[in-house]
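This report concerns only the one structure given below.
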Amino acid sequence: MWETLLESWKSLLEPLHDPVTLAIPAFVIFLAIEWFAARALEDHPDDADGRARPAEGGYRSVDARTSVLLGLVSIATSTFWKVLALIGYSAIWVYLAPWHLSPTAWYTWVILLLGIDVLYYAYHRIAHRVRVIWATHQAHHSSEYFNFSTALRQKWNNSGEIIMWLPLPFLGIPPWMVFVGFSVSLVYQFFVHTERVGKLWRPIEFIFNTPSHHRVHHGSDAEYLDRNYAGILIIWDRMFGTFAAETHRPTYGLTTPVGTYNIWKLQTREYAAIARDWKASKSWRQRAGYVFGPPGWAPKAEVTSAESTAPSH
């Protein structure tokens, strides 16, 4: 097992095996072009309710810097989770997988990418419907702007995704390939975070996640909540009843504006809200509801903590 672990880790350290590393120059170029194009729209004032409603394609310097900082920290934290995952995945691949798929076979990559995509859909849907997992994800939705910098506003706790990928090494996919597959998904998803692209050719819109579909996902409008969980293929949303077409420009961000650009608070605010609700709970049923229920859950005839990020985003 340790030989497999060492080989997998060496593969991940090789830049040519990491699509995200290869894509970083493209991320920087596209972000810079979009930001430069939006300079005239930058620092759009907030509305009276405290929510930013930027012009289409807008940027705010402090918001973009916050997203970039969140992304930089996530690189370090994701390395920690990858170390833990590689140990577990290697053990599963060596001792439990009924067969070992070859990384040189084309069908291994098809199984990997389809597996990553459907499992990402499942994880993403759970993350919006189970509050303790939503706590790890909500920072990504906290920006009231929607641009390439928003794609970098990543979570620091990847434990949920690590668990969700467990079937892949069990199916015989080499552990290092799991991370390559998810990196491919991340690279693709960077490019759907923009208002500079309208609706694409209808067959593309039908099969793939697009900027139009993902704008819906980041909307806090009632008709857009908990829709379009896709990573690469929007067909999962169409199949499982969570698809919504973009009918108007979304209002981005959480249902309650966060009112901060402090990266620590953005990552931990929902954990703190869960702790407050737990402390105020009167029964174990209520405690379980506040932790494992959907965001905004409350016992009948009661409301959650005023500072909780309700419902979903």
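The values are calculated or read from the model by the stated rules, or taken from the named source; none is laboratory data. Fair warning: this is a prediction, and the values are worked out from it, not measured in the lab. Cβ sites come from the backbone with ideal geometry, for glycine too, and all protein chains shown count toward neighbours. Heads up: the accessible areas ignore ligands, DNA and RNA and are worked out on the full protein's heavy atoms, side chains in. Shrake-Rupley method; radii C 1.70, N 1.55, O 1.52, S 1.80 Å.
Here are the criteria: (1) under 30 Å from residue 223 (Cβ atoms); (2) in a helix (DSSP H, G or I). Tell me which single one residue 279 does not satisfy.
The failed condition is (1).
Can you say whether residue 261 is within 30 Å of residue 24 (Cβ to Cβ), under 19 Å from the mean Cα position of the chain (by Cα) and buried (at least 18 other Cβ atoms within 10 Å of the Cβ), as far as the supplied structure shows?
Values: within 30 Å of residue 24 (Cβ to Cβ): yes; under 19 Å from the mean Cα position of the chain (by Cα): yes; buried (at least 18 other Cβ atoms within 10 Å of the Cβ): no.
Taking the combined requirement at face value, the residue does not satisfy it.
Which members of segment 245-276 meet the condition of being outside any loop (DSSP other than H, G, I, E, B) and either among the aliphatic types (A, V, I, L, M) or under 27 Å from residue 205 (Cβ atoms) (or both)?
Hits for segment 245-276 are 252, 263, 266, 272, 273, 274, 275.
When the residues of segment 74-95 are narrowed to those that are within 23 Å of residue 28 (Cβ to Cβ) and open to solvent by less than 50 Å² (accessible area, probe 1.4 Å), which ends up farthest from the chain's Cα centre (by Cα)?
Here the residue is 77.
Can you pull out the residues in segment 277-304 that are among the basic types (Lys, Arg) and out of contact with any helix residue (DSSP H, G or I) (no Cβ under 9 Å at 6 or more places or on another chain)?
Across segment 277-304, the qualifying residues are 279, 282, 285, 300.
What number of residues within segment 88-117 are hydrophobic (A, V, I, L, M, F, W, C), at pLDDT 95 or above, part of a helix (DSSP H, G or I) and in contact with a Gly (Cβ under 9 Å, 6 or more places away or on another chain)?
5
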